[in-house]
Amino acid sequence: MLSIKNLHVSIEGKDILKGINLDVKPGEVHAIMGPNGAGKSTLASVLAGRDLYNVTEGEVIFQGKDLLDMEPEDRAKEGIFLGFQYPIEIPGVSTVNFMKTAVNEHRKYKGLDPLSASDFLKLMREKKSLVEIDSKLTNRSVNEGFSGGEKKKNEIFQMAMLEPKLAVLDETDSGLDIDALRVVANGVNKLKTRDNATIVITHYQRLLDYIVPDVVHVLYNGRIVKTAGKELALELEEKGYDWIKEENGK
Amino acid sequence: MADINTINKDFADLFNQGNELLLEGSSDVMNETRKNAFQDFSKLGVPTRANENYKYTNLIPAFDHPYNVNLKYQNVDVDLNEIFQCDVPELDTNMVLLTNGWYYGNNKELTELPKGVIVCGVQEAAEKYPEIFNAHYGKYAKTDEDGIVALNTSLAKDGFFIYVPKGVVIEKPIQVVNLLRSDRDLMATQRNLIVVEENAQAKIIVCDHTLTHHKYLTNSVTEVNVARNAIFDLYTLQNQHLNSVILNSTYIRQESNSNVLSNTISLYGGTIRNNHHVILDEEHCENNTFGMYLMDRDQHVDNFTSIDHAKPNCLSNEHFKGVMDDQASGAFAGRIFVRRDAQQTQAYQSNNNLLLSNDAVINTKPQLVIDADDVKCSHGATVGQMDEDALFYLRARGIDEKEARQMLMFAFAHEIIEKIRVEPLKERIDELVDKRLRGEISKCNTCAIACNH
Ligand SMILES: Nc1ncnc2c1ncn2[C@@H]1O[C@H](COP(=O)(O)OP(=O)(O)OP(=O)(O)O)[C@@H](O)[C@H]1O
Ligand SMILES: [Mg+2]
């Protein structure tokens, strides 16, 4: 489904990703862990199409298409979803209008008619209950004045609305209390099918108790330096990153 | 190109040679005021950029043009009521028409107005209701401070007059449509007076509608007195073609416990200068002065405002926002005066600008003159580009770039539209601004509220 080959990315002349290789198949859950500043969010942003970053080498193929060639909106419509580490507040843009526009853009891309107002509201209701997000929040402007945890929940709500093929969740667990973590993880699990895939970026093993990964990668200094099963997360939780850093000569 | 002296001399000649016509049909009070105003104009002249208050707006090219001037009411050869119908069903208003600055002689009678409310032309008001008219006319507009106000008062013959008696609440807004229709380039002078008595409530919508493509210069002055406990809204929608000049000066005086909201929305016009002066002349007034400008191409807008806290315990909120594209230029000046005994004043001001191109410019200048010590004041001005992070966030959800930009611009502008206290008008303006930002209203002959004609 997703194939990243030798991806090099720089920003302002500084190399951040230095040859990433990653293959994700339908139905899989991948976890990416790694110390602060390793390049995890950079990778996520590049997949979503943020133009701040320069891809200097490599390729990314998503469902047979060259992803790097596409505008962010087209990537979204092809089925990529980025759950932002820091969701943006957009005062004046109502969540309802935002989601309606997004959902209908996706439908248009698939050759479907826009949803009627009542069907849209029905969809909203259904997805809201899936992530247990309060109408008080969805009645406001996008993320405006939301707490850290509420913003993360809202990301999963949007994911539920858009039903992506590949979700990249960048530290969706940080800032969530225990209950919210469970709700969010349940939401992600309920959205899971045999045909879609998830990349979860996290610092904490506890999320992976709920969203069980097939593969765990360690991203360090712009490279994936270790790939193993879910037990790797436990090992990292126990030992930290020093041994990784040592193994990689720093 | 003519210099300023030639322009001023031409006006002096017009005043002297046209004196008979100027005096004819105007009341003694109007003519007395006229005489004094002309003395002021002789001293001040049309303001140039050397004048600190007009530093950002060059009026010479605006005035340097052979305009026709009508010193007499010109009969209209068609029925304007027929040509112009505002049949927006949700926006139910009491509508009157003005033609080239004059109260249209064939206006339909407003049958739904509460008893005692007067809506007519200024000339007629001066004659029929002198006790009201004379108590207010020329009392608030400062001819000795601004040359174009002096010029307006020197040449003033007509405009609209609205009187709302004590305790009368007008539910339906009164809509004044300024029709510009001429077969030659024209300078229109319009002089309006609005008197809202104690405990009265009224909402007025003023909009423009250019019916022909000629070059217009409109110099209008509106005086407003809002008495104790009255609530008054003034919505101004500026929408003229790119070859026009709008000089619009408003003077509002508020008495105790009155509440005024004004919202000046500039959608189109070649050169727009709004002078907006408010004096909070008694205690416990609330004033809300809002404005929005959406400029592109070579358009120019200059909002020059002053809020004078003359008495204690008043609150003022001022917020102007602008979206500037292409080579558009603009200025905002926000003056707040808090006089020495105006303790417990609260005065807030902000001006936010969104620049969509590298060539657009805006000069923004808050100016607070505070002579009292127990006051809460704040001001802030921002000039920025579109928020790239927000743009990416929207795009990352599948919304294409153009639509995402549109959503963000609209959100920016909506903060001002939200303040409109007439629900159907708010919806209208929302639609209109959305269209305007999409570049769908670019022709001149559209009424701001999208009326049919
Ligand atoms: N816009 C930017 N300008 C300059 N440097 C940047 C920018 N974005 C990221 N970087 C740098 O790139 C490196 C990788 O950042 P990134 O956000 O991808 O790390 P991360 O692995 O997500 O870290 P964290 O765990 O703290 O979220 C860091 O050194 C960061 O400072
Ligand atoms: Mg990160």
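The numbers here are math on the coordinates, done by the rules we state, and not lab data. What you see is a predicted model; the values in this text were computed from it and never measured. Cβ coordinates were reconstructed from backbone atoms using ideal geometry, including for glycine residues, and neighbour counts include every protein chain displayed.
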- prompt: For A:LYS239 and A:ARG182, what does the FRET efficiency come to when R0 = 30 Å and r is the distance between their Cβ atoms, rounded to the nearest 0.05?
  reply: 0.70
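For region B:4-385, what does the relative contact order come out to in percent, with C-alpha contacts under 8 Å and a separation of six or more?
It comes to 11 percent, rounded to a whole number.
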Full-stretch length increase - B:ARG297, B:ASN358 - with 0.36 nm per residue and alpha-carbon distance subtracted: 20.7 nm
task: Mind running the shape call on region A:82-199? Use the C-alpha gyration tensor, a ≥ b ≥ c as the square roots of the eigenvalues: rounded below 1.5 for a/c, prolate if a/b tops b/c, oblate otherwise.
output: oblate
field: 14 Å cut-off, amide nitrogen to a point 7 angstrom out along A:TYR210 Cα→Cβ, residues in region A:144-164
entry: A:149-157
task: Provide the percentage of antiparallel DSSP beta bridges, counting only those with both residues in chain A; round to the nearest 5.
output: 60 percent
message: For region A:75-174, which trypsin sites (Lys or Arg not before Pro) pass both filters: DSSP loop (anything but H, G, I, E, B) and at most 16 other C-beta atoms within 10 Å?
response: A:LYS110
Distance (nanometres) between label positions extended 7 Å along Cα→Cβ at A:SER135 and B:HIS213: 5.3 nm
query: Which percent of Cα-Cα pairs in region B:4-385 sits in each 20 Å bin, short to long?
result: 29, 61, 9, 0
message: Calculate the FRET efficiency for B:ASN16 and B:VAL169 from the Cβ-Cβ distance with a Förster distance of 41 Å, rounded to the nearest 0.05.
response: 0.30
task: Mind giving me the nanometre distance, one decimal, between the label points for B:ASN243 and B:ASP79, set 7 Å out from Cα along Cα→Cβ?
output: 3.1 nm
task: State, to one decimal in nm, how far the label point of B:ASP144 lies from the label point of B:GLU283, with both points 7 Å from Cα in the Cβ direction.
output: 3.0 nm
- request: Can you pull a Stokes-Einstein diffusion coefficient for region A:2-247 at 4 °C (1.567 mPa s), Rh from Kirkwood over Cα pairs, as a whole number of µm²/s?
  value: 70 µm²/s
task: Set the Förster radius R0 to 45 Å, insert the Cβ-Cβ distance between A:GLU246 and A:LYS110 as r into 1/(1 + (r/R0)^6), and round the FRET efficiency to 0.05.
output: 0.35
- prompt: How many angstrom separate the Cα center of region B:76-151 from the Cα center of region B:206-272?
  reply: 13 Å
query: What is the extension gain from B:ASP371 to B:ASN51, computed as 0.36 nm multiplied by their sequence separation minus the C-alpha to C-alpha distance, in nm to one decimal?
result: 112.7 nm
field: CD proxy at 222 nm, helix term only [per DSSP H run n ≥ 4: -39500 (n - 2.57); per residue of chain A; nearest 500]
entry: -11500 deg cm²/dmol
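Tell me, what is the percent relative contact order of region A:132-237, built from C-alpha pairs under 8 Å that lie six or more residues apart?
Relative contact order comes out at 22 percent.
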task: Mind checking region B:308-355 for trypsin sites (Lys or Arg not before Pro) that DSSP puts in a loop (not H, G, I, E or B) and that have at most 13 other Cβ atoms within 10 Å?
output: B:ARG340
Alpha-carbon centroids, region B:332-370 and region A:188-235: separation in whole Å: 52 Å
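When all alpha-carbon pairs of the protein assembly as shown are counted, what percent fall beyond 47 Å?
Percentage above 47 Å: 33.
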message: Helix-only mean residue ellipticity at 222 nm, chain B, DSSP H runs n ≥ 4 weighted -39,500 (n - 2.57), per residue, nearest 500. What is it?
response: -7000 deg cm²/dmol
